[in-house]
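Each reported figure results from applying straightforward, stated rules to the coordinates on display, with no laboratory input. The shown structure was predicted, so the numbers you read here are calculated from the model rather than taken from an experiment. All Cβ positions, even for glycine, are placed from backbone atoms using ideal geometry, and neighbour counts span all protein chains on display.
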Amino acid sequence: MLDRFIIFLNKAIGKLRTSRAKPSEILVLLPHCIQNKDCDLDLTSGVQICRRCGRCKIREVSLLQEEYGFRSAVVGGGQQAVQATKDKGVKCVVAIACEKELAAGILSVLRKPVHTIRNSQPFGPCVNTDMDADSLREMLQKIVKR
Ligand code: SF4
């Protein structure tokens with residue numbers, strides 16, 4: 001309940017503050033559980049090395065990254081996520097995660113605008129999770145400063 005409130009509050013604040021940024025200043029943060037569990041790629045530094053085999057939604061994010069030019073990181077937990085957002089070049093964060101992680105992430109990087117997309121859990125929590133790539137595209141169309 002508190003998690004939902006924090007996400008709601010963040011969205012309300014986000015509408016009030018300018019959060020558009022150049023593609024190179026936008027960091028798209030993804031949870032490790034969205035990567036297919038049998039994939040052995042290390043995507044900590046971004047989804048650009050994805051082979052686009054189609055077993056998970058990283059493929060769609062990788063295609064969007066090629067189109068828009070944002071930064072990305074696939075992180076295993078809150079600490080790694082916070083570390084990734086600390087780079088001074090990052091002005092705006094798009095966080096894709098479950099409700100609990102989103103709320104924690106928002107609280108950790110409150111000084112930077114955080115846009116949120118919830119992932120879904122068709123196989124239960126923390127394994128082969130899914131996301132709506134169209135939502136990410138729509139969000140990018142709103143926040144990318146050309
Ligand atoms: S789409 Fe990319 S990240 Fe997902 S399983 Fe295939 S190679 Fe790995």
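Being farther than 18 Å from S19 by Cβ and touching a Ser or Thr at 6+ places or on another chain (Cβ under 9 Å): is that true of V94 here?
Criteria not met by V94.
For the stretch 107-121, which positions are closer than 26 Å to E66 by Cβ and loosely packed, with under 13 Cβ neighbours inside 10 Å?
S120
Within the stretch 28-52, which residues are in contact with a Cys (Cβ under 8 Å, 6 or more places away or on another chain) and more than 19 Å from V94 (Cβ to Cβ)?
N36, C39, L41, listed by residue number.
Is there a residue in the stretch 82-94 that is within 16 Å of the ligand (Cβ to nearest atom), within 13 Å of the chain's Cα centre (by Cα) and in contact (Cβ under 8 Å) with a residue 12 or more places away in the chain?
Looking through the stretch 82-94, none of the residues is within 16 Å of the ligand (Cβ to nearest atom), within 13 Å of the chain's Cα centre (by Cα) and in contact (Cβ under 8 Å) with a residue 12 or more places away in the chain.
Determine if the stretch 45-68 includes at least one residue that is over 22 Å from D3 (Cβ atoms), acidic (D, E) and crowded, with 17+ Cβ neighbours inside 10 Å.
Within the stretch 45-68, one or more residues are over 22 Å from D3 (Cβ atoms), acidic (D, E) and crowded, with 17+ Cβ neighbours inside 10 Å.
Residue-by-condition table, conditions (1) within 17 Å of A97 (Cα to Cα); (2) within 12 Å of the chain's Cα centre (by Cα); (3) near the ligand (Cβ under 6 Å from one of its atoms); (4) not in a strand (DSSP E or B):
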site: L29; (1), (2), (3), (4): yes, yes, no, no
site: C39; (1), (2), (3), (4): no, no, yes, yes
site: L43; (1), (2), (3), (4): yes, no, no, yes
site: R51; (1), (2), (3), (4): no, no, yes, yes
site: R55; (1), (2), (3), (4): no, no, yes, yes
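Checking G77 against (1) under 15 Å from S24 (Cα atoms); (2) without any contact (Cβ under 8 Å) to a residue 60 or more places away in the chain; (3) not hydrophobic (A, V, I, L, M, F, W, C), which single condition isn't satisfied?
For G77, the failing item is (1).
State whether the residues of the stretch 48-67 include one that is among the small types (G, A, S) and closer than 19 Å to A21 by Cβ.
no
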